[in-house]
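Below is one structure, written out as C-alpha cells; comments come after it.
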Amino acid sequence: MYQSGGNDMFAADNGYLLITQNETGEQFTANVIDFVIEDGNGCVYFDGNKQFELPGETDYNVLEDLFYSEFSVQQMNN
C-alpha cells in the first residue's frame, strides 16, 4: 500500500515489526505499518490490511498518537 503522508514504519532488512495491543496483549507481526487518511477517516494498515479506522479524523498526528497509545511496536530480527 505505502500511501504518502503519516510516519509510516518499515521493518529493517531481514526483520519484522512485533506489534502488541497494550490492553489485551494480542500480538501482530508486519513488515509495514501504514498511516492513511482516506475518505475523511484515519486508517492504520499492517502489511496492507486495515487494522482500525478512526472516523472523521484527518490529522496524521492524532491518528498516530492514538495508535501509539494503544499499541507498542518493536523491531525484531530474524
Next on the checklist: For the stretch 59-78: of the residues being among the hydroxyl-bearing types (Ser, Thr, Tyr) and in contact with a strand residue (DSSP E or B) (Cβ under 9 Å, 6 or more places away or on another chain), which is surrounded by the fewest Cβ atoms within 10 Å (Cβ to Cβ)?
Outcome noted: SER72
Checklist entry - How many residues are at pLDDT 95 or above and acidic (Asp, Glu) when one looks only at the stretch 19-45? => result 2
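The values are calculated or read from the model by the stated rules, or taken from the named source; none is laboratory data. For clarity, every value in this text was computed on a predicted model and none was experimentally measured. Don't worry about glycine lacking a Cβ; one is built from the backbone with ideal geometry, like all the others, and counts go over all protein chains shown.
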